Every structure is written in structure tokens, then in C-alpha cells.
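Peer 1: I'd like to ask you about the structure that follows.
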Amino acid sequence: MPRPYASGVVPASADEVWEVVREFDGLPAWLAAIESSELTAGSEGTVGAVRRLTLGDGGVVTEKLITLDDADRSYTYTFIDENPFGCRRYVSTVRVAPVTDTGQAFVEWWSEFDAEGADEEMLTDLFANGVYGAGIAALQERFGK
């Protein structure tokens, strides 16, 4: 099972970065690949909330928040319904931790998914670099790197 992963240091405190990342419906504010987001079930910051993301290319992904841990500064979500990536199962976690010697934030983002074997390498690269890595780079830029 593939496990795409990206991480990076963001020049802000973990609390400052978590305040931005935590907003489940807030991806369009900092991730350029997301055109829009709409909560279609539940409410912001509650487990069970469902967001409908419209991608820059017009694709649509519907995701459900399955865990939210403010103490750990992390949340996990899963695709529900059809997705433009052809994943049968997708579970992803984003986490923000303090870098104690500098006061900065360490952001890591990863997933596990099931897809056709022929698509796994391409999807692993897309998720690790095109989504998670790009998102972390956007946070670095937002906070002044």
C-alpha cells in the first residue's frame, strides 16, 4: 500500500501554523490547487464534517473529517464518494509540531491509499509533491520563508 509523505519547516510557531491548517474548510486560503471548498455536512472543526473541494482543473473531491486532535495539532480525513484520482480507499493525516530549538513549526502530511497498481507510482508522486509538498511550500511562503 503506497504511503506518500512530505514534510517541511515553516517559519512560524506551531500554534500559528495550526491555526491556519486546522480550518477544515480553509484549504483555498493557502493551497493554490484548491479552487473552492464547501462544507456539505457537519460544521467547521467537528469530526464528521464533510467538505466538497473543487480543484483548479474542475475535478471534485469530497472528504470527511474522521479525527481532530488539537493537542497533537493533527487531523485525519478520508475520501468519500467518487474521486478524480481513481482511489478506492484514501486516508490522509496532516500534523503540525513544534521545532523546539528554533520555535518554528514542523509540518508533515501523508496518506495511505488503494488504487490500480499501474497508477500507484504516479499517484504517490502527485500526492507527495503536488499536494502535500506544495501545501507545505505554500505555508512556508505565507509565513515568510
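The values are calculated or read from the model by the stated rules, or taken from the named source; none is laboratory data. Computed from a prediction, not measured in an experiment: that's the story for all the values here. Ideal geometry is used to build each Cβ from the backbone, glycine not excepted, and the neighbour counts take in all protein chains shown.
Peer 1: If residue 51 passes every condition in (1) surrounded by fewer than 19 Cβ atoms within 10 Å (Cβ to Cβ); (2) part of a strand (DSSP E or B) but one, which one does it miss?
Peer 2: Among (1) surrounded by fewer than 19 Cβ atoms within 10 Å (Cβ to Cβ); (2) part of a strand (DSSP E or B), residue 51 violates only (1).
Peer 1: State all residues of region 88-109 that are surrounded by fewer than 18 Cβ atoms within 10 Å (Cβ to Cβ), assigned to a strand (DSSP E or B) and either in contact with a Gly (Cβ under 8 Å, 6 or more places away or on another chain) or touching a residue at least 60 places away in the same chain (Cβ under 8 Å) (or both); if no residue qualifies, say none.
Peer 2: Within region 88-109, 97, 98, 99, 108 meet the criteria.
Peer 1: Right, something else. Restricting the search to region 110-130, which residues are part of a helix (DSSP H, G or I) and surrounded by 19 or more Cβ atoms within 10 Å (Cβ to Cβ)? Show your work before the answer.
Peer 2: The first filter runs over region 110-130 and keeps only residues part of a helix (DSSP H, G or I), leaving 117-130.
Once the filter is applied, which keeps residues that are part of a helix (DSSP H, G or I) and surrounded by 19 or more Cβ atoms within 10 Å (Cβ to Cβ), region 110-130 yields 123, 127, 128.
Peer 1: Which count do you get for residues in region 1-11 that are in a strand (DSSP E or B) and either among the charged types (D, E, K, R) or under 22 Å from residue 122 (Cα atoms) (or both)? First the steps, then the outcome.
Peer 2: So in region 1-11, the residues in a strand (DSSP E or B) come out as 5-10.
Now restrict to residues that are either among the charged types (D, E, K, R) or under 22 Å from residue 122 (Cα atoms) (or both): 5-8.
Looking only at that region, the number is 4.
Peer 1: Kindly indicate whether any position in region 35-44 is in contact with a helix residue (DSSP H, G or I) (Cβ under 7 Å, 6 or more places away or on another chain), without any contact (Cβ under 8 Å) to a residue 60 or more places away in the chain, at negative phi and not charged (D, E, K, R).
Peer 2: Within region 35-44, the subset in contact with a helix residue (DSSP H, G or I) (Cβ under 7 Å, 6 or more places away or on another chain) is 35-37.
If we keep only those that are without any contact (Cβ under 8 Å) to a residue 60 or more places away in the chain as well, we get 35-37.
With the extra rule that they be at negative phi, the set shrinks to 35-37.
If we keep only those that are not charged (D, E, K, R) too, we end up with 36-37.
Checked against the condition, which is being in contact with a helix residue (DSSP H, G or I) (Cβ under 7 Å, 6 or more places away or on another chain), without any contact (Cβ under 8 Å) to a residue 60 or more places away in the chain, at negative phi and not charged (D, E, K, R), region 35-44 yields at least one hit.
Peer 1: Let me ask something else. Please go through region 18-34 and pick out each residue that is among the hydrophobic types (A, V, I, L, M, F, W, C) and either surrounded by 14 or more Cβ atoms within 10 Å (Cβ to Cβ) or in contact (Cβ under 8 Å) with a residue 24 or more places away in the chain (or both). Walk me through it before giving the result.
Peer 2: As a first pass, look at region 18-34 and keep what is among the hydrophobic types (A, V, I, L, M, F, W, C): 18, 20-21, 24, 27, 29-34.
Residues satisfying the conditions are 18, 20, 21, 24, 27, 30, 31, 32, 33, 34.
Peer 1: Given (1) at pLDDT 95 or above; (2) more than 19 Å from residue 43 (Cα to Cα), identify the lone condition not met by residue 74.
Peer 2: Only one criterion in (1) at pLDDT 95 or above; (2) more than 19 Å from residue 43 (Cα to Cα) is unmet by residue 74, namely (2).
Peer 1: Check whether at least one residue in region 12-19 is in a loop (DSSP other than H, G, I, E, B), farther than 20 Å from residue 126 by Cβ and over 13 Å from the mean Cα position of the chain (by Cα), and report yes or no.
Peer 2: Kept after step one, since they are in a loop (DSSP other than H, G, I, E, B), are these residues of region 12-19: 12-13.
Narrowing the set further to residues that are farther than 20 Å from residue 126 by Cβ leaves 12-13.
From what is left, the residues that are over 13 Å from the mean Cα position of the chain (by Cα) are 12-13.
Scanning region 12-19, I find at least one residue that is in a loop (DSSP other than H, G, I, E, B), farther than 20 Å from residue 126 by Cβ and over 13 Å from the mean Cα position of the chain (by Cα), so the answer is yes.
Peer 1: Separate question: Name the one entry in 66, 136 that is touching a Gly at 6+ places or on another chain (Cβ under 9 Å), in contact (Cβ under 8 Å) with a residue 60 or more places away in the chain and not in a loop (DSSP other than H, G, I, E, B). Break it down into steps so the answer makes sense when it comes.
Peer 2: Values: 66 fails: in contact (Cβ under 8 Å) with a residue 60 or more places away in the chain.
Of 66, 136, the one residue that is touching a Gly at 6+ places or on another chain (Cβ under 9 Å), in contact (Cβ under 8 Å) with a residue 60 or more places away in the chain and not in a loop (DSSP other than H, G, I, E, B) is 136.
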